[in-house]
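*Asks:* Take this structure, written in structure tokens, and hold onto it; I'll ask about it next.
The values are calculated or read from the model by the stated rules, or taken from the named source; none is laboratory data. Small disclaimer: the values here were computed from a predicted structure and weren't measured. Note that each Cβ is placed from the backbone with ideal geometry, even for glycine, and that neighbours are counted across all protein chains shown. Calculation scope for accessible area: heavy atoms of the full protein, side chains included, ligands and nucleic acids excluded. Shrake-Rupley method; radii C 1.70, N 1.55, O 1.52, S 1.80 Å.
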Amino acid sequence: MTNTSVNLQELRRKIYIKAKAEKHWKFWGLYCHICKPEVLREAYRLAKANDGAPGIDGKSFKDIEAEGRKEFLDKIGQELHTRTYRPMPNRRVKIPKGNGKTRTLGIPTIKDRVVQGALKLILEPIFEADFKDCSYGYRPKRSAHQAVDRVTGAILRGLTRVVDVDLSGYFDNIRHHILLGKVAQRVQDDDVMHLLKLILKANGSKGVPQGGIISPLLSNLYLNVVDEMMERARETTRRKGYDNIDFTRSADDMVILVHGHPGEDWLLAAVQKRLKEELDKLDVQMNQEKTKVVNLKEEGCFGFLGFDFRLNTNRNSQSYVSKTPKQKKRKEIGEKIRAVLKANWSKPLNEVIQSVNAVVRGWVNYFRIGNSNGTFKKVKYDVEKKVRKFVMKRQKRNGYGWKRWSREDVYQRWGLYNDYQIRYFQPKAAPSR
């Protein structure tokens, strides 16, 4: 894999340093960098690494490689230089959410992915300099596991009352004029602003599509004012070096943690009021039915990033935070395995197993930082059953073949994934920039 060019790395580093040092600096002359061949090549490389289905034009990466990647990128560069580039609407795909509802993904054409990727490469270091430590989603060198670890640490420090916040249709309802205003606070480049406006307007009068390359950066920028408010609240309510509030956000998934002492009851109400005020300014609505306040000391439970959090006590009467995979996540992995087996019906068994393993490995690696032993046993058994039944059906037999094939056959000879060991998250030092 080709690494990002040294020149591009250095450019992004310089932009970040300038943005970090001068919080009110407005960047100009950015558009010429977006048009550079090396930036477009890197944007294409990143898009291709993520693969993904074709957009509304039906053109795949295979098609582009066959026609000539250089010619494809040269044409994009020319359109950007002459200001004739016009994005196409996204191809819309409905994805089941597991509760009977669906969410809509917007899949851009590969051409539009490259342009959005180039724009992101130049804008990202500006706004990364402004983003807060409490934000984890869609950010370089940050992960969901870090966010889970932050929440765990706050609970163990006594912040045991939780406001589990749910936003209603966040991505679909971002207001373009507010978003563009936030970008303009840091970017004084008419061509960049015009390009961004074209990208936004190509898919409607509001919202950023889930599936767009630039969407994660923009969605974080939109809520950064909430992060700033919560960070100020944490600082101003700290007493004798101890936090009474903490806040963690990953995209639109957020939790507020408040100290469990009765003397901080007022804080629980005040922080919810301030959050609503900031969200109202953004025209973002909280889902009142799903947003809830939980007291972990009263056996409460809340969900965050796929885990159910509880405060438990071990045999030594020491408190610990239990993090178990949510029930719907266990159901989702079963549905994914079923879909993989169906899609690979006619392929050789070793290829089928490879496809199954890829799905299971990713799921297990995500949830292995939690208290997942019980869930893992059920998932392992369920996956094995599905694979056994699949092989039996292809041989036109009924049942699961428990006597026909031993566990050794399934896990060693067939090679079905078998690493369900818990590995607790080990936080690393913050990366230097």
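*Asks:* Only one of (1) surrounded by fewer than 19 Cβ atoms within 10 Å (Cβ to Cβ); (2) out of contact with any helix residue (DSSP H, G or I) (no Cβ under 8 Å at 6 or more places or on another chain) fails for Ile107. Which number is that?
*Replies:* (1)
*Asks:* So which strands (runs of 3 or more DSSP E) are wholly in region 289-342 and hold at least 2 residues that are open to solvent by 50 Å² or more (accessible area, probe 1.4 Å)? Talk me through it step by step, then tell me what you get.
*Replies:* Numbers: elements: 292-295, 302-304, 307-313, 319-325.
Once the strands (runs of 3 or more DSSP E) in region 289-342 are filtered for at least 2 residues that are open to solvent by 50 Å² or more (accessible area, probe 1.4 Å), what remains is 292-295, 307-313, 319-325.
*Asks:* Moving on to the next point. Tally the residues that are open to solvent by less than 40 Å² (accessible area, probe 1.4 Å) and either among the acidic types (Asp, Glu) or assigned to a helix (DSSP H, G or I) (or both), restricting the search to region 199-223. Don't jump to the end; show me each part of the working.
*Replies:* The first filter runs over region 199-223 and keeps only residues open to solvent by less than 40 Å² (accessible area, probe 1.4 Å), leaving 199-200, 202-204, 207-209, 212, 214-223.
Retained after the next criterion (residues that are either among the acidic types (Asp, Glu) or assigned to a helix (DSSP H, G or I) (or both)): 199-200, 215-223.
Residues flagged as open to solvent by less than 40 Å² (accessible area, probe 1.4 Å) and either among the acidic types (Asp, Glu) or assigned to a helix (DSSP H, G or I) (or both) within region 199-223 amount to 11.
*Asks:* Also, I was wondering about something else. Within region 308-363, track down each residue that is in contact with a strand residue (DSSP E or B) (Cβ under 8 Å, 6 or more places away or on another chain), hydroxyl-bearing (Ser, Thr, Tyr) and at pLDDT 95 or above.
*Replies:* Scanning region 308-363 gives Ser322, Thr324.
*Asks:* Is at least one residue of region 143-165 in contact with a Ser or Thr (Cβ under 7 Å, 6 or more places away or on another chain), in a helix (DSSP H, G or I), open to solvent by less than 20 Å² (accessible area, probe 1.4 Å) and not aromatic (Phe, Trp, Tyr)?
*Replies:* Within region 143-165, one or more residues are in contact with a Ser or Thr (Cβ under 7 Å, 6 or more places away or on another chain), in a helix (DSSP H, G or I), open to solvent by less than 20 Å² (accessible area, probe 1.4 Å) and not aromatic (Phe, Trp, Tyr).
*Asks:* If you don't mind, there's one more thing I want to ask. Kindly indicate the residue of region 363-398 that is open to solvent by 30 Å² or more (accessible area, probe 1.4 Å) and in contact with a Gly (Cβ under 8 Å, 6 or more places away or on another chain) and also farthest from Leu341 (Cα to Cα) among those meeting that condition.
*Replies:* If we take residues in region 363-398 being open to solvent by 30 Å² or more (accessible area, probe 1.4 Å) and in contact with a Gly (Cβ under 8 Å, 6 or more places away or on another chain), then Tyr366 is farthest from Leu341 (Cα to Cα).
For (1) assigned to a helix (DSSP H, G or I); (2) farther than 18 Å from Ala129 by Cβ; (3) touching a residue at least 60 places away in the same chain (Cβ under 8 Å), each residue gets a yes or a no:
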{"residue": "Gln9", "(1), (2), (3)": "yes, no, no"}
{"residue": "Arg12", "(1), (2), (3)": "yes, no, yes"}
{"residue": "Gly29", "(1), (2), (3)": "no, no, yes"}
{"residue": "Arg41", "(1), (2), (3)": "yes, yes, no"}
{"residue": "Tyr44", "(1), (2), (3)": "yes, yes, yes"}
{"residue": "Ala47", "(1), (2), (3)": "yes, yes, yes"}
{"residue": "Gly58", "(1), (2), (3)": "no, yes, no"}
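*Asks:* For region 60-83, which positions are open to solvent by 80 Å² or more (accessible area, probe 1.4 Å) and either assigned to a loop (DSSP other than H, G, I, E, B) or in contact with a strand residue (DSSP E or B) (Cβ under 6 Å, 6 or more places away or on another chain) (or both)? Spell out the reasoning first.
*Replies:* Keep residues of region 60-83 that are open to solvent by 80 Å² or more (accessible area, probe 1.4 Å), which gives 62, 66-67, 69-71, 75, 78, 81, 83.
Residue satisfying the conditions is Arg83 alone.
Condition check ((1) over 30 Å from Asp265 (Cβ atoms); (2) touching a residue at least 12 places away in the same chain (Cβ under 8 Å); (3) not basic (Lys, Arg)) across all residues:
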residue: Val208; (1), (2), (3): yes, yes, yes
residue: Ile214; (1), (2), (3): yes, yes, yes
residue: Met230; (1), (2), (3): no, yes, yes
residue: Arg238; (1), (2), (3): no, no, no
residue: Asn244; (1), (2), (3): no, yes, yes
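*Asks:* Which count do you get for residues in region 224-249 that are out of contact with any Lys or Arg (no Cβ under 9 Å at 6 or more places or on another chain) and in a strand (DSSP E or B)? Step through it out loud before you land on a result.
*Replies:* Step one: list which residues in region 224-249 are out of contact with any Lys or Arg (no Cβ under 9 Å at 6 or more places or on another chain), which gives 232, 234-241.
Remaining after also requiring in a strand (DSSP E or B): 239.
Within region 224-249, residues that are out of contact with any Lys or Arg (no Cβ under 9 Å at 6 or more places or on another chain) and in a strand (DSSP E or B) number 1.
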